[in-house]
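Structure, as structure tokens:
The values are calculated or read from the model by the stated rules, or taken from the named source; none is laboratory data. All values derive from a computational prediction rather than experimental measurement. FYI the Cβ positions are ideal-geometry reconstructions off the backbone, even for glycines, and counts take in every protein chain you see. Accessible surface is based on the protein model in full, side chains and every heavy atom, while ligands, DNA and RNA are left aside. Shrake-Rupley method; radii C 1.70, N 1.55, O 1.52, S 1.80 Å.
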Amino acid sequence: MRYELMLPHQIRKAIAENWPVVLPLGVLEYHGEHLAVGMDTLAVVRMLDLLEQEMDLVILPPFYYGASSYAVEPPEGNGSVHVDAGALEPFARSLFTGLLRVGFRNIHFFIHHQTENFTAGMPTDLAFKFAARQAIFAFIEKERGEGWWGDDKMADYYAQQAGGADPFNWIKGHPLMTPEIFAAYPFDHAGQGETSLMMALCQEGVEMERLAPEKWYTRTAAEASAELGARGRDLILAQMRQALGKRP
Ligand SMILES: [Zn+2]
């Protein structure tokens, strides 16, 4: 369900049943002459639309204003919009605090931008990961007071952590494509992989006749196809089901 369309009774049900609450996170960035600037975020949004047809899910309004950087092209006339990660962190911390206040404890964000090395992180995902940690610490401390972790009630903390129930799991970030997926599907920027994915998920964001092969990163896009995109889509769906704990 889309959060902005939910009524309070539906929100209470989602909290009681611990539905995943998912933020599509991304950027607006130049993706060659043939792809829409929202590609990275649109891919997450469209994948969640598909996933929602098969599992209970709360989909938050997407956040497009990440730190795109101008590494690919300067913004003038090209469309990239870069918001500094230093500005993202306080925003994200407030957002996560707000969601915790509502009562959600199964919050996720998915991102598909500079995620080829997600463990080390890049500015947008690091800002949101850092914000999540900060929000959780502040939230628990306000609720339970200082010394909450040392309290006897937390004696099973390490066991809880092993079982996935500890508070630091209340908010989790995921790349749209994991290394297992790169092994089976091309990971690129506006090349064959992303172009195919857009063909499969968001045809209105692709104009192949505008492909400009003088950019090295778009050169492989000429080999893109909706069939290949559909394969990527299915691989991504499978990993999202797992990340969100869909019961088989
Ligand atoms: Zn991209």
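Ordering 55, 198 by accessible surface, largest first, gives 55, 198; the 1.4 Å probe counts only protein heavy atoms, with every chain in place. In the context of the full set of protein chains, the chain has a per residue accessible area of 49 Å² (1.4 Å probe). Counted over segment 18-124 with a bin width of 10 Å, the fraction of Cα pairs per bin, in whole percents, is 14, 42, 33, 10, 1. What percent of all Cα-Cα pairs in the chain falls into each 10 Å bin, going from 0 up to the bin containing the maximum distance? Per 10 Å bin, starting at 0, the Cα pair percentages come out as 7, 29, 34, 20, 7, 2, 0.
Could you work out the relative contact order of segment 137-248, using alpha carbon pairs under 8 angstrom and six or more residues apart, expressed as a whole percent?
This gives 24 percent for segment 137-248.
Distance between the C-alpha centres of segment 120-184 and segment 191-242: 32 Å, rounded to the whole angstrom. Within the shell defined by Cβ-Cβ distances under 14 Å, the residues around residue 147 carry a net charge of -2, with Lys and Arg each +1 and Asp and Glu each -1.
Normalised radius of gyration (Cα atoms, divided by 2.2 N^0.38 Å) for segment 78-129: 1.28.
Of the DSSP beta bridges with both residues in segment 1-148, give the percent that are antiparallel, rounding to the nearest 5. Provide the component values of the computation, followed by the final result.
Numbers: 2 of 11 bridges.
Percentage antiparallel, nearest 5: 20.
Between 133, 12, 93, the Gaussian network model of the chain with springs among Cα atoms under 10 angstrom shows the greatest mean-square fluctuation at 12.
For segment 88-157, compute Rh as the Kirkwood radius over C-alpha pairs and then the Stokes-Einstein diffusion coefficient at 4 °C and 1.567 mPa s; write the answer in µm²/s, rounded to an integer. Don't skip to the answer; put the middle values down first.
Numbers: Rh = 13.5 Å.
Using the Kirkwood radius from Cα pairs, D works out to 96 µm²/s.
Scattering from the C-alpha atoms of segment 175-220 alone, worked out with Debye: what is log10 I(q)/I(0) at q = 0.20, 0.22 1/Å? These q points yield log10 I(q)/I(0) values of -0.69, -0.80.
Summing charges over all other residues whose Cβ lies under 14 Å from the Cβ of residue 245, with Lys and Arg as +1 and Asp and Glu as -1, gives +2.
Counting only DSSP beta bridges whose two residues both lie in the chain, roughly 20 percent are antiparallel.
Taking only protein heavy atoms and a 1.4 Å probe, the accessible area of the chain is 55% carbon and sulfur.
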